[in-house]
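Chemist: Encoded as C-alpha cells, here's the structure I'll be asking about.
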Amino acid sequence: MKQGVTHNMHYVAIVCPLQINEKVLRCKQWMKEQFGCVVALKSPAHITLVPPFWLEEAKQTQLQEVLGSFTSDLPETTINLEGFDHFRKQVLFINVKENMVLKELKKEAEAHFSEGFSNRIKKENRLFHPHITIANRDMKPSHFEEAWEYFSKKEFKETFSIKTISLLKLEEGKWNAIDRKMW
C-alpha cells in the first residue's frame, strides 16, 4: 500500500434477510457471552462471494461502478440453510446446502471484480464452501469442543431467495453494506 494514501477493506457478498440475520445474531451473541468471541459480530449474516480486499479510498466510486455493471443470466435462486458445521477447530458456521446457481454466481462475481481490480482482487484457489460464520479468528481452540457440543445439537433451518449482491466496507470496526445490485 502506498504511504499516505488511505485504504479501506471491502468484500462482495449475499447479505441474508433481516429475520435470518437476527437468528444468526443470537448464535453469535451466545459465542460472545460464553467465550468472548466478537469478530463475527462485526459483519451481518452473509455468504462471501469475493473475500475482503484493500482498496484505495479514492477508487471506491470506481468499485461501486463495477458493482453497478455486474450482470448475470442466472435465475433467482433459493438458499437453504441447514445445521451447523465447522472448518477444523477454527471456524463455526451455519451450513449452506449445495446450490449450483450460487456456485456459478460466485464464479461470475469473482471474475467480474477481478477484471476491474486485478491488482487488488485475486481469484481464490480454495474450493467454494458457502457458509454463514458464527465464530472464527477469535475462537480459541480450547473453546471449540464446548461450542461444537452446543451447536451440534441445535437445529437451524431457513430458506431465502436471492437476486442481489452487496458491497460491504469496513467502517469504524464494523462491516456495512454500502451498495447492492440486482443481477
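The values are calculated or read from the model by the stated rules, or taken from the named source; none is laboratory data. All of these numbers come straight from a predicted model, not from anything done at the bench. Counting neighbours? That spans all protein chains shown, and the Cβs are built from the backbone with ideal geometry, glycine included.
Chemist: Against the conditions (1) touching a residue at least 24 places away in the same chain (Cβ under 8 Å); (2) loosely packed, with under 15 Cβ neighbours inside 10 Å; (3) within 20 Å of residue 17 (Cα to Cα); (4) not basic (Lys, Arg), where does residue 173 fall short? Just the number, please.
Modeler: Answer for residue 173: the failing condition is (3).
Chemist: Of everything in segment 133-150 that's within 22 Å of residue 15 (Cα to Cα) and modelled with pLDDT of 95 or more, which residue is nearest to the chain's Cα centre (by Cα)?
Modeler: Among them, the one singled out is 133.
Chemist: Does any residue in segment 134-163 that is without any contact (Cβ under 8 Å) to a residue 60 or more places away in the chain come within less than 6 Å, Cβ to Cβ, of a residue that is in a loop (DSSP other than H, G, I, E, B) six or more places away or on a different chain, and which pairs are these?
Modeler: 141/89; 144/89
Chemist: Output the residue which, of all residues in segment 120-164 that are out of contact with any Lys or Arg (no Cβ under 6 Å at 6 or more places or on another chain) and among the aliphatic types (A, V, I, L, M), is farthest from residue 84 (Cα to Cα).
Modeler: Among those residues, the one meeting the criterion is 121.
Chemist: Could you list, ordered by first residue, the pairs with Cβ atoms under 7 Å in which the first is in segment 90-110 and in contact (Cβ under 8 Å) with a residue 24 or more places away in the chain and of a type in the set (S, T, N, Q) and the second is surrounded by 19 or more Cβ atoms within 10 Å (Cβ to Cβ) and part of a loop (DSSP other than H, G, I, E, B), at least 6 apart or interchain?
Modeler: Close Cβ pairs satisfying both conditions: 90/139.
Chemist: Assess whether residue 160 counts as being part of a strand (DSSP E or B) and closer than 25 Å to residue 18 by Cβ.
Modeler: Against the criterion (part of a strand (DSSP E or B) and closer than 25 Å to residue 18 by Cβ), residue 160 qualifies.
Chemist: Within segment 1-100, which strands (runs of 3 or more DSSP E) (wholly inside it) include 1 or more residues that are polar (S, T, N, Q), surrounded by 19 or more Cβ atoms within 10 Å (Cβ to Cβ) and within 16 Å of the chain's Cα centre (by Cα)?
Modeler: Filter on segment 1-100 gives 46-56.
Chemist: Next question. So which pairs qualify, if the first residue must be in segment 52-79 and of a type in the set (Phe, Trp, Tyr), the second must be at pLDDT 95 or above and not in a helix (DSSP H, G or I), the Cβ gap must be under 6 Å, and the two must be at least 6 apart or on different chains?
Modeler: 54/9; 70/181
Chemist: Being part of a loop (DSSP other than H, G, I, E, B), touching a helix residue (DSSP H, G or I) at 6+ places or on another chain (Cβ under 6 Å) and not basic (Lys, Arg) is the filter here; which residues of segment 101-129 pass it?
Modeler: Across segment 101-129, the qualifying residues are 121, 128.
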